[in-house]
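Here the structure is laid out as structure tokens; the discussion comes afterwards.
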Amino acid sequence: MSTIGSFEGFQPVSLKQEGDDPPSETDHLSMNDRDSGKKPGPRQISRQPSVTTSTLYPNPYHQPYASRKYFATRPGAIETAVEDLSRHITQTSGETVQGFWLLTEIDHWNNEKEKILLLTDKTLLICKYDFIMLSCVQMQQIPLSVICRICLGKFVFPGMSLDKRPGEGLRICWGSTVEQSLLSRWNPWSTEVPYATFTEHPMKYTSEKFLEICKLSGFTSKLVPAIKSAHKNSTGSGRGEELMVLTQPILIETYTGLMSFIGNRNKLGYSLARGGIGF
């Protein structure tokens, strides 16, 4: 919204009868010019420059109406989801949730998927939650003691890849990619991938609340100490390798990426209102 200042250079003019008021200074100048026979020069009108002020949102690149399309940002949606998931975890495993985050998972075929991550003393839980029906669709449980590597860095792709994305992410590994079978590597629906890759949710700047739970650095700062503590307290065959935290590029090995191109452009991995239909 902008407001334009007033132009004080223009003065109101009233119609007057002859003899009502004495001639003004301007009239005297005009008469003198006519008496002297000189051609009157152009009159100068002074104007004050207009003053324009703009009011912007705290983040001028974020459009508030766009956030209403995501069901996760609807009032009470994220609170209901965390309450449901925490109750389920307590009833099934007896563990208590120490923190939760709303992030975007990027699978091995570069498809984006909206996920809720919950952290307990022993487990990292990656949940696919339907914010439209308010129900958990899928839950993956990863013992913290088996996580051996965390990588932070920018996304990179093979040189011949047609499907590239900018930005940075986080990869959590609990196994070796060398041991990954060829079938699971090239199967877009495979659940046997020994790592998970995340980036920040697009609704990070919606509010202070979402800024906190969608921030990748905040999740990492809680995850690393929890993993180290789990490694220290675990014994026997359940204990994995010592945790390594690396800063290096994160490779996403896709080449054509037609499926992810269509899915990511249309946000198919999110609980999103699409016109008159929620998908």
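The values are calculated or read from the model by the stated rules, or taken from the named source; none is laboratory data. Note that the structure is a prediction, hence the values are computed from the model and not measured. Cβ sites come from the backbone with ideal geometry, for glycine too, and all protein chains shown count toward neighbours. Heads up: the accessible areas ignore ligands, DNA and RNA and are worked out on the full protein's heavy atoms, side chains in. Shrake-Rupley method; radii C 1.70, N 1.55, O 1.52, S 1.80 Å.
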Subset of the stretch 109-129 [open to solvent by 20 Å² or more (accessible area, probe 1.4 Å) and touching a strand residue (DSSP E or B) at 6+ places or on another chain (Cβ under 8 Å)]: 112, 113, 122, 128
Can you tell me how many residues within the stretch 124-142 are in contact with a Lys or Arg (Cβ under 8 Å, 6 or more places away or on another chain) and over 19 Å from residue 92 (Cβ atoms)? 1
Looking at (1) at pLDDT 95 or above; (2) open to solvent by 30 Å² or more (accessible area, probe 1.4 Å); (3) assigned to a strand (DSSP E or B), which one does residue 53 not meet, given that it meets all the others? (1)
Within the stretch 93-129, residues outside any strand (DSSP E or B) and over 20 Å from residue 171 (Cβ atoms) come out as 93, 94, 95, 96, 97, 98, 120, 121, 122
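Confirm whether residue 75 is exposed (fewer than 10 other Cβ atoms within 10 Å of the Cβ), outside any helix (DSSP H, G or I), within 28 Å of the chain's Cα centre (by Cα) and at pLDDT below 50. Please lay out each step first, then the result.
On the way: exposed (fewer than 10 other Cβ atoms within 10 Å of the Cβ): yes; outside any helix (DSSP H, G or I): yes; within 28 Å of the chain's Cα centre (by Cα): yes; at pLDDT below 50: no.
When the stated conditions are applied, residue 75 does not pass them.
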If the Cβ limit is 6 Å and pairs must be 6+ apart or interchain, which residue in the stretch 188-213 that is among the acidic types (Asp, Glu) pairs with which residue that is not in a helix (DSSP H, G or I)? 200/214
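Evaluate the following for residue 260: is it open to solvent by less than 40 Å² (accessible area, probe 1.4 Å), under 23 Å from residue 112 (Cβ atoms) and at pLDDT below 90?
On the way: open to solvent by less than 40 Å² (accessible area, probe 1.4 Å): yes; under 23 Å from residue 112 (Cβ atoms): yes; at pLDDT below 90: yes.
Yes: the conditions hold for residue 260.
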Heads up, the helices (runs of 4 or more DSSP H) in the stretch 165-255 (entirely inside) with at least 3 residues that are open to solvent by 60 Å² or more (accessible area, probe 1.4 Å) and modelled with pLDDT of 80 or more are 208-213, 216-233
For the stretch 130-164, what are the residues that are closer than 25 Å to residue 245 by Cα, assigned to a loop (DSSP other than H, G, I, E, B) and open to solvent by 50 Å² or more (accessible area, probe 1.4 Å)? 164
Exception for residue 148 within (1) in contact with a strand residue (DSSP E or B) (Cβ under 8 Å, 6 or more places away or on another chain); (2) at positive phi falls at (2)
Does the stretch 231-249 include one or more residues that are β-branched (Val, Ile, Thr), touching a residue at least 12 places away in the same chain (Cβ under 8 Å) and touching a Cys at 6+ places or on another chain (Cβ under 9 Å)? yes
Does at least one position in the stretch 103-115 carry a residue that is in contact with a Gly (Cβ under 7 Å, 6 or more places away or on another chain), at pLDDT 95 or above and of a type in the set (Val, Ile, Thr)? yes
